Every structure is written in structure tokens, then in C-alpha cells.
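Peer 1: Have a look at the structure that comes next, please.
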Amino acid sequence: EMKEPGLVSQFRVGKEFQEKTILEGPIDEVEYQRIVDKREGKGSFHAMVLIGAHRSGDGRYWFLLQNSHKGHYFKLVDGEHLASCDATVVFSLDDDMSLKGDYSVVIGEYAEAFEMEECVAKKPAEG
């Protein structure tokens with residue numbers, strides 16, 4: 001049994017990631033290679049929070065991921081797509097998910113929604 005939340009990292013991002021909320025089946029390897037070539041050999045990766053999972057009536061596993069891209073805050077991804085993205089999923093073994101220190105946070109919803117100058121102001125995190 002999985003224990004949410006989990007951190008999904010090194011998720012390979014293809015063109016369909018930008019266009020769709022529901023991602024199923026394998027990543028489009030041809031399109032992904034175009035991205036890598038355009039970025040001079042560098043892949044396109046992303047990290048998200050896994051906030052839920054379930055098994056559908058047809059036996060497929062589905063994962064609800066919380067995203068940070070403006071306008072695409074959630075992605076529903078099937079197990080085949082997640083596996084084809086070569087992502088790493090890490091779960092905490094600690095029941096206490098609170099932050100253990102005084103961390104500074106960036107003011108603003110998401111960095112891409114603001115000019116960089118507006119994102120540099122920091123304040124101590126509460127809680």
C-alpha cells in the first residue's frame with residue numbers, strides 16, 4: 001500500500017505534458033528526442049507531488065500529481081506513462097510531514113506568474 005504524498009522527480013516532460021491534463025500511454029519518444037535535440041542534448045525534466053493513486057476498473061493504475069505550472073496545477077497520469085517517463089517516486093516514512101525548521105519562502109503563487117524581481121522578496125515561513 002502506498003502512502004501519499006510522494007515526490008515525483010526526474011519526470012521526463014514531452015509536448016503532451018504541456019497540452020493535456022490526462023496523460024496515458026507511453027511518452028512520445030520521437031517528440032521527446034526533438035526536445036532534447038533542441039536543448040543541445042539536455043533532457044526536459046520536472047518534479048511534482050503525488051497526492052493520490054487508485055486502480056481503475058480495467059486494472060490500470062492512475063496517479064494524481066500536483067503540478068506547479070500556471071494553468072496546469074494537476075495532472076492525472078496512468079502507470080504506463082509514469083513508467084515511460086523514467087520518473088523517481090519517493091515517499092516519506094515519517095508520519096509527521098511538517099517542516100522542521102525556519103525556512104524562507106518566495107512570496108507569490110508561482111515564479112512564472114511574476115517578474116523575477118517580485119520573487120526575490122523573502123520572509124520566514126510560518127508553522
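The values are calculated or read from the model by the stated rules, or taken from the named source; none is laboratory data. These figures come from a predicted structure and were not determined experimentally. Methodologically, a virtual Cβ is constructed for each residue, glycine included, from the backbone with ideal geometry; neighbour enumeration extends over all protein chains shown. Just so you know, the surface numbers come from the protein's heavy atoms only, side chains and all, with ligands and any DNA or RNA stripped out. Shrake-Rupley method; radii C 1.70, N 1.55, O 1.52, S 1.80 Å.
Peer 1: Do any residues in segment 33-45 that are under 23 Å from Leu7 (Cβ atoms) have Cβ atoms under 8 Å from those of residues that are of a type outside the set (D, E, K, R) and part of a strand (DSSP E or B), where the two are at least six apart or on different chains, and which pairs are they?
Peer 2: Phe45/Ser9; Phe45/Gln10; Phe45/Phe11
Peer 1: Further, regarding this structure: With His81, His54 as the choices, which residue is without any contact (Cβ under 8 Å) to a residue 60 or more places away in the chain, open to solvent by 40 Å² or more (accessible area, probe 1.4 Å) and not in a loop (DSSP other than H, G, I, E, B)?
Peer 2: None of the others qualify; the one that does is His54.
Peer 1: What is the number of the single condition among (1) open to solvent by 50 Å² or more (accessible area, probe 1.4 Å); (2) at pLDDT 90 or above; (3) at positive phi; (4) not hydrophobic (A, V, I, L, M, F, W, C) that Gly59 does not meet?
Peer 2: The single condition Gly59 does not satisfy is (1).
Peer 1: Only one of Gly71, Gly43 is surrounded by fewer than 15 Cβ atoms within 10 Å (Cβ to Cβ) and touching a strand residue (DSSP E or B) at 6+ places or on another chain (Cβ under 9 Å). Can you tell me which?
Peer 2: Gly43
Peer 1: Here's another thing I want to ask about it. Return the residues of segment 1-56 that are in contact with a helix residue (DSSP H, G or I) (Cβ under 9 Å, 6 or more places away or on another chain), charged (D, E, K, R), under 17 Å from Ala87 (Cα atoms) and modelled with pLDDT under 90; say none if nothing qualifies.
Peer 2: Arg12, Lys15, Glu16, Asp28, Glu29, Lys42, listed by residue number.
Peer 1: Take Gly25 and decide whether it is in contact (Cβ under 8 Å) with a residue 24 or more places away in the chain, in a loop (DSSP other than H, G, I, E, B) and either surrounded by fewer than 12 Cβ atoms within 10 Å (Cβ to Cβ) or among the hydroxyl-bearing types (Ser, Thr, Tyr) (or both).
Peer 2: yes
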